[in-house]
Amino acid sequence: MVLAWPLDSSGAHDTERDKTIYSNEVERGRALRYSRIQEWLVLIEWAWSLLINIIALATGLSARLRTWAARIAPWRRDAVLPYATVVTILSFIASLPLSYCRGFVVEHCFELSNQTFRAWFGDQLKGLGVSLAIGVPLLQGAYWVIRRWPEWWWAILSALTAPFSVLMSALAPVLLLPLFNKFEPLHNRALAERIKALAAREGVHVADVLQMDMSRQTKKANAAFTGLGKTKRIVLGDTLLKEFSEDEVEVVIAHELGHQVHGDIWKLVALSAPVSVVSLSAAHYLAPPLITRFGARWGLDTEQGVADVAALPLLALIGGAALLVVMPILHALSRNFIEHPADRYALDLTGKRTAFISAMEKLGRMNLSNPQPSTLVKYLLYSHPPLQERINFARSYTSRKADR
Ligand SMILES: [Zn+2]
């Protein structure tokens, strides 16, 4: 739900009109290099995780780990808990070199990071802690369902995805995000009051507007709408607040307010169920024939089939491949039905076209956004319209209010 994420960027066209984000070719070239490197590293990370799953399966490593886990399991020789714990830690270690390269080295090369290695590694360890605390019990529960309902587990787990997403959306802003950053009410009270008044005139009760110390990690700017019910909030990075004018901050808040007014968190929750159906049903239907054919060679228990936790890398491979097919569809829905309407809402609410455009340009420069994402990159990675498209839209749009 963020306004821009690291791969957000500007338009695919290369006309003079489109070159507004970067004032000169040096700046533009630097942004292009940065985003190309990041895009490649994302793709390499995907390929690497596929490869790790294949290796774990084909070398029999997963089977040996399960046999060991069953031996030390706390109850009824159920291997899931110790297996999932060790696999989570091993995956963390295996992905560390690439995370280090993408999240630390490249960020420092382009002078975007504010973190020492120690601070960066600390954040990684916290992330591992969260995966262990949430992911491992979740897997234990999932295997209980798989064994209890061998024919319908995929449907039951898919149905449980929506309530789980609701729970996570509601809890993340108060339980998870504060582990990494500090959240405080907007320091600029006058601005907060102005936004409240603006929203009240539209009959909207604005969620809490908070600021977070994003500068702990990065020089990049960002904003987001998160939470559900009582945890609903608009969050602005201190990096953004430092560089943006009050009018620019206002349009950014108005964009996030658009997400609140349109109930976009609920749209995302609603989308999570069909996504699970696709990936889990793919695993349910494709894994058994593969286990029958290759299971013995991989050391899997062919009697148990998918209920053998040693087959987890196979389920991850199939589910991951299915997600790869679904992701471009999800991103297209997000760009067209979540993010674009929030931009239109921001322009309608504030009537500040000039501030909207300069905010997008600043966001692009601060985040070294790609000035020319290819169509393929846009479809694979972009949950938001590229910045140049957003700017071009603002230029052509006649909002409900007179432009200021
Ligand atoms: Zn947004």
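The values are calculated or read from the model by the stated rules, or taken from the named source; none is laboratory data. The structure presented is a predicted model; accordingly, all values stated were derived computationally and were not measured. Backbone-built Cβ (ideal geometry, glycine too); neighbour counts: all protein chains shown. The protein model used for the area step is the full one, side chains on, heavy atoms only, and it has no ligands, DNA or RNA in it. Shrake-Rupley method; radii C 1.70, N 1.55, O 1.52, S 1.80 Å.
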**Message:** For segment 238-303, give me every one of the helices (runs of 4 or more DSSP H) that falls completely inside it and has 3 or more residues that are at pLDDT 95 or above.
**Reply:** 264-298
**Message:** Tell me whether segment 113-122 contains one or more residues that are β-branched (Val, Ile, Thr) and closer than 23 Å to Trp154 by Cα.
**Reply:** no
**Message:** Test of understanding: among Leu61, Leu57, Leu65, which residue is under 21 Å from Phe294 (Cα atoms), open to solvent by 80 Å² or more (accessible area, probe 1.4 Å) and at pLDDT 85 or above?
**Reply:** Leu61
**Message:** Yes or no: segment 372-382 includes at least one residue that is β-branched (Val, Ile, Thr) and within 16 Å of the ligand (Cβ to nearest atom).
**Reply:** no
**Complete:** In segment 17-64, anything more than 30 Å from Ala296 (Cβ to Cβ) and hydroxyl-bearing (Ser, Thr, Tyr) is listed as Thr20, Tyr22, Ser23, Tyr34, Ser35
**Request:** Pull up segment 179-200, narrow it to residues that are touching a helix residue (DSSP H, G or I) at 6+ places or on another chain (Cβ under 9 Å) and of a type in the set (Lys, Arg), then point me to the one that is nearest to the ligand (Cβ to nearest atom).
**Result:** Arg194
**Message:** Looking for something surrounded by fewer than 20 Cβ atoms within 10 Å (Cβ to Cβ), over 26 Å from the mean Cα position of the chain (by Cα) and modelled with pLDDT under 90 - is there at least one such residue anywhere in segment 4-13?
**Reply:** yes
**Asked** Counting only residues that are within 16 Å of the ligand (Cβ to nearest atom) and outside any strand (DSSP E or B), how many does segment 215-225 have?
**Response** 3
**Item:** Filter result (of a type in the set (A, V, I, L, M, F, W, C), more than 22 Å from Gln124 (Cβ to Cβ) and assigned to a helix (DSSP H, G or I)) within segment 77-98
**Value:** Val80, Leu81
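Suppose we keep only residues that are open to solvent by 10 Å² or more (accessible area, probe 1.4 Å) and in a helix (DSSP H, G or I) within segment 339-354. Which one would you say is nearest to Leu57 (Cα to Cα)?
His340
Residue-wise test of (1) farther than 23 Å from Ala355 by Cβ; (2) of a type outside the set (Gly, Ala, Ser); (3) touching a residue at least 40 places away in the same chain (Cβ under 8 Å).
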position	(1), (2), (3)
Leu176	yes, yes, yes
Ala190	no, no, no
Val235	no, yes, yes
Leu241	no, yes, yes
Ser245	no, no, yes
